[in-house]
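J.: Here it is: the structure, laid out below.
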Amino acid sequence: MMQGSKIRPEVSFFPAPLPDELLDSIVYRYHFLSGNQHSRDTVQTLYGAAVNTAPKLLINRMTTLHSRLPRKLFASPEVMIAELTMVPAFGTVLDQRQMQTAHSASLHGGRLGQNVQYRSATRVMHAALHCCPMCVREETERLGVAYWHRSHQLDGVAVCHAHGCNLISSCPYCDEPISPPGSMKLPSTHCSACKKPLLAVFSSNKAVAEIARLGHQALTGVIPYCDRRWLGDQVTRLVGTDTQRVCDEILGIFGEAYLEDVLPHSFYTFSGDWIDHAFRVRKTWVGYERGFLNLPSLKHMMVLVHFLFGSWEKVCPPSTAKQMVA
């Protein structure tokens, strides 16, 4: 070995991912199993980055993370991105070129939680981590620990695709967050503040439950990216020019409570003719184009796909279908 070269530290153990588990959740489990007192020690060990609190999203520096884990746990950083992070869902709001940029940022991005992907994440994720009380109870009984699911974090996914009950991010009794900002807390059967049990509530209609299944599929690579021009042509063929009528019908199916804008100071809104607004002329990297359907968030995309097509498979352009097969 050349003098002065450094031996890269390697983590001797790392939890195997559980079904539909978010990478952040695996890191949180490692944090408690390692005995580290501070989240900065865990992040420094895994990502080689010094931070005072746990970032909201652990979706970059994946090459560094992979190099520090046991060699046989994950085949590659690319596999970790595809199977453990929220990046695959970005393909519903980004085109192919933008997805390539996001993927590259995941592999080599520097600052955890704040990078080129952050704005994309706000378009596909809830503002806070969500969990299903029934999943939490079953996992605690079966595994001894509950965890954060990837599919539960998608904006527009209001219920658990497996149980149909409402997802929650805070205690329904005292309103304390289940995962305070900057913490590495895993969900529990009882509120850590008021100690009351987190009970399952069923209040959503069938359409909202079907959206949850679409969300789960979006993370499995069913739609690698959205061809906005192709999708716009399909929507125009089915809807025509009467987009306001479709918006009114969607409102009648989902209801105002589900479609309301819950993010403060956000332009993501279902009010008015939001489909027509998504067709406005814009300058793209290939010049001025018409026919692009530029929906502002994953929630808008999933609602429209459910209403017009019913599944991702029916809305994928031929080029995407070929990628799916490959």
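The values are calculated or read from the model by the stated rules, or taken from the named source; none is laboratory data. Note that the structure is a prediction, hence the values are computed from the model and not measured. A quick note on method: Cβ atoms are made from the backbone with ideal geometry, for glycine too, and the neighbour counts reach across all protein chains shown.
J.: Restricted to segment 139-154, and to residues that are aliphatic (A, V, I, L, M) and not in a loop (DSSP other than H, G, I, E, B), which residue is nearest to Thr92 (Cα to Cα)?
T.: It comes out as Leu154.
J.: Quick test of your reading of the structure: Leu298 fulfils all but one of (1) over 19 Å from Ala121 (Cβ atoms); (2) modelled with pLDDT of 80 or more; (3) among the hydrophobic types (A, V, I, L, M, F, W, C). Name the failing condition by number.
T.: Answer for Leu298: the failing condition is (1).
J.: Kindly list, by first and then second residue, each pair from a residue in segment 106-129 that is closer than 21 Å to Val51 by Cα and among the hydroxyl-bearing types (Ser, Thr, Tyr) to a residue that is part of a helix (DSSP H, G or I) and at pLDDT 90 or above, limited to pairs with Cβ atoms under 8 Å and residues at least 6 apart or on different chains.
T.: Note: pairs meeting the criteria are Ser106/Met62; Ser106/Pro77; Ser106/Ile81.
J.: Which numbered condition in (1) hydrophobic (A, V, I, L, M, F, W, C); (2) at pLDDT 95 or above; (3) over 30 Å from Gln37 (Cα atoms); (4) in contact with a helix residue (DSSP H, G or I) (Cβ under 7 Å, 6 or more places away or on another chain) is the only one that Leu186 fails?
T.: So the condition that Leu186 fails would be (3).
J.: Which of the following residues is touching a Phe, Trp or Tyr at 6+ places or on another chain (Cβ under 6 Å), buried (at least 18 other Cβ atoms within 10 Å of the Cβ) and at pLDDT 85 or above: Leu84, Leu129?
T.: Every option except Leu129 fails the conditions.
J.: Continuing with this model, one more query. Sort out which residues of segment 50-63 are aliphatic (A, V, I, L, M), within 23 Å of Ser12 (Cβ to Cβ) and either surrounded by fewer than 20 Cβ atoms within 10 Å (Cβ to Cβ) or within 16 Å of the chain's Cα centre (by Cα) (or both), and write them in order of number.
T.: Passing the criteria: Ala50, Val51, Leu58.
J.: For segment 83-91, does any single residue satisfy the condition of being touching a strand residue (DSSP E or B) at 6+ places or on another chain (Cβ under 7 Å), more than 22 Å from Met62 (Cα to Cα), of a type outside the set (S, T, N, Q) and in a loop (DSSP other than H, G, I, E, B)?
T.: no
J.: Which ones in segment 155-182 are part of a loop (DSSP other than H, G, I, E, B) and of a type in the set (Val, Ile, Thr)?
T.: Val157, Ile178
Quick grid of which residues meet (1) modelled with pLDDT under 95; (2) not in a helix (DSSP H, G or I):
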| site | (1), (2) |
| --- | --- |
| Ile7 | yes, yes |
| Ser12 | yes, yes |
| Tyr28 | no, no |
| Ala49 | yes, yes |
| Asn52 | yes, yes |
| Thr64 | yes, no |
| Lys72 | yes, yes |
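J.: Applying the selection to segment 64-96, what residues are polar (S, T, N, Q) and over 20 Å from the mean Cα position of the chain (by Cα)?
T.: The answer is Thr64, Ser67, Ser76.
J.: Would you confirm whether or not segment 207-224 contains a residue that is free of Cβ contacts under 8 Å to residues at least 12 places away in the same chain and assigned to a loop (DSSP other than H, G, I, E, B)?
T.: No, there is no match, as no residue in segment 207-224 is free of Cβ contacts under 8 Å to residues at least 12 places away in the same chain and assigned to a loop (DSSP other than H, G, I, E, B).
J.: Kindly establish whether Ala193 is touching an Asp or Glu at 6+ places or on another chain (Cβ under 8 Å), surrounded by 15 or more Cβ atoms within 10 Å (Cβ to Cβ) and not polar (S, T, N, Q). Can you show your working first?
T.: Numbers: touching an Asp or Glu at 6+ places or on another chain (Cβ under 8 Å): yes; surrounded by 15 or more Cβ atoms within 10 Å (Cβ to Cβ): yes; not polar (S, T, N, Q): yes.
So Ala193 fits the description; yes.
J.: While we're here: Any idea which of (1) within 22 Å of Val124 (Cβ to Cβ); (2) of a type in the set (Val, Ile, Thr); (3) at pLDDT 95 or above is the one Val222 doesn't satisfy?
T.: Exception for Val222: condition (3).
J.: To continue, here is another question. Taking the stated definitions as given, is Ile178 of a type outside the set (Gly, Ala, Ser), buried (at least 19 other Cβ atoms within 10 Å of the Cβ) and modelled with pLDDT of 90 or more?
T.: Yes, satisfied.
J.: Identify the residue in segment 236-272 that is outside any helix (DSSP H, G or I), charged (D, E, K, R) and within 26 Å of Met125 (Cβ to Cβ) and, among all such residues, is modelled with the highest pLDDT. Outline the logic, then answer.
T.: Going through segment 236-272, the residues outside any helix (DSSP H, G or I) turn out to be 240-242, 255, 260-272.
Then keep just the ones that are charged (D, E, K, R); that gives 242, 260-261.
Within this subset, residues satisfying the condition of being within 26 Å of Met125 (Cβ to Cβ) are 260-261.
Working: Glu260: 84, Asp261: 69.
Across segment 236-272, the extreme among qualifying residues is Glu260.
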